[in-house]
1. Hey, what's region 57-146 come to in accessible area per residue, 1.4 Å probe, Å²?
2. Given the convex hull over the Cα atoms of the chain, what projected area results after averaging over all orientations, in nm²?
3. How about Lys78: which lysines have a C-alpha closer than 24 Å to its C-alpha, ignoring those fewer than 8 places off in the same chain?
4. Quick one: with all protein chains in place, what share of the accessible area of the chain is carbon or sulfur, to the nearest percent (1.4 Å probe)?
5. Using the Karplus curve 6.51 cos²θ - 1.76 cosθ + 1.60 with θ = phi - 60°, what ³J(HN,Hα) values do you get for each residue of region 119-133, in whole Hz, with x for Gly and Pro?
6. For region 83-93, what does the Karplus curve 6.51 cos²θ - 1.76 cosθ + 1.60, with θ = phi - 60°, yield as ³J(HN,Hα) per residue in whole Hz, taken in order and with x for Gly and Pro?
7. Which is the longest run of the chain containing none of the trypsin sites (Lys or Arg not before Pro) found in DSSP loop states (not H, G, I, E, B) with at most 13 other C-beta atoms within 10 Å?
8. What are the residues whose amide H is under 5 Å from the amide H of Val65, where those residues sit 5 or more places off or on another chain and H is modelled from the backbone?
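The values are calculated or read from the model by the stated rules, or taken from the named source; none is laboratory data. All figures in this text were calculated on a predicted structure; none of them were measured in a lab. Please note: Cβ atoms are built from the backbone with ideal geometry, for glycine as well, and neighbour counts cover all protein chains shown. Heads up: the accessible areas ignore ligands, DNA and RNA and are worked out on the full protein's heavy atoms, side chains in. Shrake-Rupley method; radii C 1.70, N 1.55, O 1.52, S 1.80 Å.
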Amino acid sequence: MRAMIGSDHAGIDGRNAVAAVLADRGWEIQHLGPSNVDEKTDYPDVAHDVAAGVTSGDAEIGILVCGTGQGMAMTANKYCGIRAAVITDAFTAEMARGHNDANVACFGERVLGADKITELLGVFLDTPFEGGRHGDRVNKIDRVPG
Ligand code: RB5
């Protein structure tokens with residue numbers, strides 16, 4: 001099981017928390033992003049790399065952390081086959097996996113803090129995709145016109 005995780009300067013603590021959870025669960029991790037807050041990093045650069053890694057099959061899932069999670073998700077969702085969800089609470093984490101089969105989870109460290117991210121990541125990882133009618137709907141996501 002391989003995961004790519006990334007953050008900008010606003011999500012370093014969250015990214016480290018994510019790395020600890022994944023390592024604990026036996027995931028092979030590829031880290032992207034700065035190592036200290038002074039290393040200002042544009043979130044799209046990291047999100048592009050993680051989305052490309054998941055799209056190509058280098059990783060099964062991607063986890064992205066920035067200030068709000070929003071910019072990371074906006075960028076990652078430009079990629080066909082990427083289903084990036086901004087996770088804000090346990091219900092969102094559960095539904096993003098169960099109904100939307102999200103393959104990228106985006107967290108806002110300035111919104112949630114590292115401890116909450118740890119907790120919500122657990123819900124995300126523990127929730128299986130329900131398939132069935134949700135699979136039919138998920139298949140329609142990439143039906144882009146023209
Ligand atoms: C960085 O200041 C901030 O804009 C970024 O981390 C993120 O919140 C963008 O969506």
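1. On the way: 4510 Å² over 90 residues.
Value returned for region 57-146: 50 Å² of accessible area per residue.
2. Details: hull surface 32.7 nm².
Convex hull of Cα atoms, orientation-averaged projection: 8.2 nm².
3. Of all the lysines, those that pass the test against Lys78 - Cα under 24 Å, at least 8 places apart if same chain - are Lys40, Lys140.
4. Values: 3540 of 7290 Å².
Accessible surface attributable to carbon and sulfur in the chain totals 49 percent.
5. So the Karplus estimates, Gly and Pro as x, are 5, 6, 4, x, 4, 4, 5, 8, 9, x, 5, 7, x, x, 4 Hz.
6. Going residue by residue, I get 10, 9, 10, 7, 9, 10, 7, 5, 5, 4, 4 Hz, with x marking Gly and Pro.
7. Working: sites that count: Arg25, Lys40, Lys78, Arg143.
In the chain, the maximal stretch lacking such sites is 79-142.
8. The list, which skips near neighbours in sequence, is Gly6, Ser7, Asp8, Phe107.
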